[in-house]
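Working notes, beginning with the structure itself.
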Amino acid sequence: MIFDAIGLAGVGAIIAAFFLLQADRVRYDDYSYLALNGAGAALIIVSLFYAFNLAAFVMETIWVAISIYGAVKRYARDRR
């Protein structure tokens, strides 16, 4: 089903971000790391439209919010 594929793509993005961080290929405040995390969580949220799970929805919503917070913080720091 399409929602499973979307959710798995989100999981893949989050795992890729974490691996790249651990492999020292990105920094915790790199836009690419923040974007992979945020996009991955957003894709998982989309997959939850098919099979809703409140705990997963809350976790992924917070994950997206933290990713946005990190990107805004990085942007503000770069503008100085």
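Would you work out the charge dipole size for the chain about its Cα centre, treating the Cβ of every Lys and Arg as +1 and the Cβ of every Asp and Glu as -1, and quote it to the nearest 20 debye?
Details: 7 positive and 6 negative charges, 87 e Å.
Approximately 420 debye in magnitude.
Relative contact order (percent) for region 25-74, with alpha-carbon contacts under 8 angstrom and 6 or more residues of separation?
49 percent
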* Among 24-32, 4-12, what's the highest-first ranking by average C-beta atoms within 10 angstrom per residue? -> 4-12, 24-32
* Taking the dipole about the Cα centre of the chain, with the C-beta of Lys and Arg at +1 and of Asp and Glu at -1, give me whichever of GLY10, THR61, VAL46 is farthest to the positive side. => THR61
* **Sites MET1 and PHE57, calculated FRET efficiency, Cβ-Cβ separation with R0 22 Å, nearest 0.05** => 0.75
* Largest-first principal axis extents of the Cα set of the chain (Å) -> 44, 24, 18
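Each reported figure results from applying straightforward, stated rules to the coordinates on display, with no laboratory input. Owing to the predicted nature of the structure, the values given are computational and were not obtained by experimental measurement. In this analysis, Cβ positions are derived from the backbone assuming ideal geometry, glycine residues included, and neighbour counts consider all displayed protein chains.
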